[in-house]
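Quick note: the coordinates plus some simple rules give every number you see, no bench work behind them. Just so it is clear, the structure is predicted and the values come from calculations on it, not from any experiment. Here the Cβ is made from the backbone with ideal geometry for all residues, glycine too, and neighbour counts use every protein chain on show.
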Amino acid sequence: MIATQPTTSAPATESAGPLPGAEWRPVLVLVDRCKGCGLCVAACAKDGLALEETVVNVQGYHPVKLVNPEACTSCALCARVCPDCALVVFARPKGTRR
């Protein structure tokens, strides 16, 4: 699966996973796939996700964004409930704390 940068001028995706030199983030949002249904936001017990209020993707929806990466446990409940497969969840690197 290839994740691309959003086509909007405002950055709606953060660095995620094993990208060299980037800040590690537990969730990668595939912005152009997200329809803003909010199922992942409701599924996140740690309040780590929210709908982006200022960005609209190519489909015309407000995509989800990771707002609290430190709270994320990489449980992947958000990815499991997403009907559009718009989330990729990475396991926390060994030796890092939550």
Options Lys35, Lys46: the member that is touching a residue at least 24 places away in the same chain (Cβ under 8 Å), of a type in the set (D, E, K, R) and out of contact with any Phe, Trp or Tyr (no Cβ under 7 Å at 6 or more places or on another chain): Lys46
Candidate set: the range 42-55, residues that are over 10 Å from the mean Cα position of the chain (by Cα) and buried (at least 18 other Cβ atoms within 10 Å of the Cβ); chosen: the one nearest to Ala91 (Cα to Cα): Cys44
Residues that are out of contact with any Lys or Arg (no Cβ under 6 Å at 6 or more places or on another chain) and under 14 Å from Val41 (Cβ atoms), drawn from the range 51-65: Leu51, Glu53, His62, Pro63, Val64, Lys65
Residues satisfying the stated conditions in the range 56-98, i.e. more than 14 Å from the chain's Cα centre (by Cα), β-branched (Val, Ile, Thr) and surrounded by 14 or more Cβ atoms within 10 Å (Cβ to Cβ): Val56
